[in-house]
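Q: Have a look at the structure that comes next, please.
The values are calculated or read from the model by the stated rules, or taken from the named source; none is laboratory data. Quick caveat, the model's predicted, so the values are computed rather than measured. So basically every Cβ, Gly included, is an ideal-geometry build from the backbone, and we count neighbours across all protein chains shown. Surface areas here come from the heavy atoms of the whole protein model, side chains and all, with no ligands, DNA or RNA. Shrake-Rupley method; radii C 1.70, N 1.55, O 1.52, S 1.80 Å.
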Amino acid sequence: MVEVRYFAAIADAVGKDSEVLELPADATIADLRLTLAAAYGPGLDTMLGVCAYLIGDELTRDPAAALTRRVDVLPPFAGG
């Protein structure tokens, strides 16, 4: 089980701030993206492709990065 927390535009796109997904123990960011695209439509994968993923203390965009029990999906943020 992986808790996925969504922020900003991704939260708007999926209509929630978080959810728990059942993924294999060796799941990667690529697996997460496939699961989310299947659940919310292939258009979401375009957004997920520009996101960063916070896994533990590491911020990554590497699709081969292994997931932990919690992952934060962070779209690009505009600064001001």
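Q: Need at least 1 residues that are at pLDDT 95 or above, hydroxyl-bearing (S, T, Y) and surrounded by 13 or more Cβ atoms within 10 Å (Cβ to Cβ) per element, so show me which helices (runs of 4 or more DSSP H) inside the chain make the cut, counting only ones lying wholly within it.
A: On the way: elements: 8-14, 29-40, 43-48.
Hits in the chain: 29-40.
Q: What are the residue pairs meeting all of these: first residue in segment 1-24, first residue closer than 18 Å to G41 by Cα, second residue among the aromatic types (F, W, Y) and open to solvent by 60 Å² or more (accessible area, probe 1.4 Å), Cβ atoms under 6 Å, and 6 or more apart or on different chains?
A: V14/Y40
Q: Right, here's the next one. Of the residues G41, G49, which is within 13 Å of the chain's Cα centre (by Cα), more than 18 Å from R5 (Cβ to Cβ) and among the small types (G, A, S)?
A: G49
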